[in-house]
1. With both bridge residues required to lie in the chain, what share of the DSSP beta bridges run antiparallel, to the nearest 5%?
2. Enumerate the amide H contacts of residue 110 below 5 Å, restricted to partners 5 or more residues apart or on another chain; note that Pro and chain-start residues carry no placed amide H.
3. To the nearest Å, what is the center-to-center distance of the range 160-181 and the range 130-153, using C-alpha atoms only?
4. List every residue whose amide H lies under 5 Å from the amide H of residue 20, counting only residues 5 or more places away in sequence or on a different chain, with H placed 1.01 Å from N in the peptide plane.
5. Taking the Cα centre of the range 1-120 as origin, sum charge times position over the Cβ atoms of Lys and Arg (+1) and Asp and Glu (-1), and report the length of that vector in debye to the nearest 20.
6. Of the listed peptides 256-262, 48-54, what is their order by residue-averaged count of other C-beta atoms within 10 Å, with the highest listed first?
7. Where in the range 105-143 does the amide nitrogen come within less than 15 Å of the point 7 Å from the Cα of residue 177, taken along Cα to Cβ?
8. Reported to two decimal places, what Rg/Rh ratio describes the range 116-197 when computed on Cα atoms with Rh from the Kirkwood expression?
Amino acid sequence: MRDFTQDHRWLSINTATVRQQRGQDWPLDQILDACAARGIRAVSPWRDQVAALGLDKTARQIKALGLELSGYCRGGMFTAASAEAFQAALADNRRAVDEACALGAPCLVLVVGGLPGALAGSLQSRDLVQARQQITDGIAATLDYARSVRMPLAIEPLHPMYAADRAAINTLEQALDVCDVLDPTRTGALGVAVDLYHVWWDPKLYSQIERAGRWRLLAYHVCDWLVPTRDLLTDRGMMGDGVIELRRIRAAVEAQGFAGYSEVEIFSATNWWQRDGAEVLDTCIERHRTVV
């Protein structure tokens, strides 16, 4: 297991962690500058933030600052109530793949979607089995294109509380089952993003990390689970403030050969998003060294 106590070489900041500070959006170009100024070597930007800054400008700034990416957020959201809407989702994922390539991302993270219409508040189907089949079909279609441009796809299983609206793939086992169907020879084109907020509770977590192995472990996201959790979407904890066995899980991931970044991804409407962005980044550095 790598020693993080002396530096923060393997810290990455998911830019959602500092996107809203004290009630104001923190623009992506300023986030990138602040990370680079602190010796943070990597980021994982969100598509809407990149769109606001401009894809070409974002790519140029990342290169000029010497930053790397730990991933790109996000593709997915494949489920749809009509064939036309499904094709539109595939087209959007193809654009996401192209953006990830332009930015030099190591993978495109997929949040796969839940029941059609549920996220928008207009449920159009309760057929969860069909939704999961549509997700598999959507990943398969996107994978064909992603392979052609050499952009790996990382399926991110989300906690079961999001099964209806955000992701009907809810465990590493489910995600790896899809990987084994669509990429049985483990080419590196398809794998998983292990986000501790979503998988820490899973009784099969360690066996599925071992099953994933080096070629399926494409991204690793850290934060903490607070007790109590006041909001199921925007009350994630800073590492060390909750109940997750952070170092034990990292040891398991690294035992399989993962040697990438620990990407901090925190949605925190009433705490960390209410603080100065510099304080949040400095705290991420400190916790990366002491508890991650």
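1. On the way: 4 of 30 bridges.
In the chain, DSSP labels about 15 percent of beta bridges as antiparallel.
2. 75, 154, 155, 156
3. A separation of 14 Å, based on Cα centres.
4. 26
5. Working: 13 positive and 12 negative charges, 46 e Å.
Dipole magnitude for the range 1-120 comes out near 220 debye.
6. Numbers: 256-262: 18.1, 48-54: 15.9.
Highest-to-lowest ranking by the protection proxy: 256-262, 48-54.
7. Only 128-137 pass the distance filter.
8. Value, to two decimals: 0.99.
Taken together, the values in this text are just the output of simple stated rules run on the coordinates, not laboratory data. Note that this is a predicted model, so its numbers are computed, not measured. Note that each Cβ is placed from the backbone with ideal geometry, even for glycine, and that neighbours are counted across all protein chains shown.
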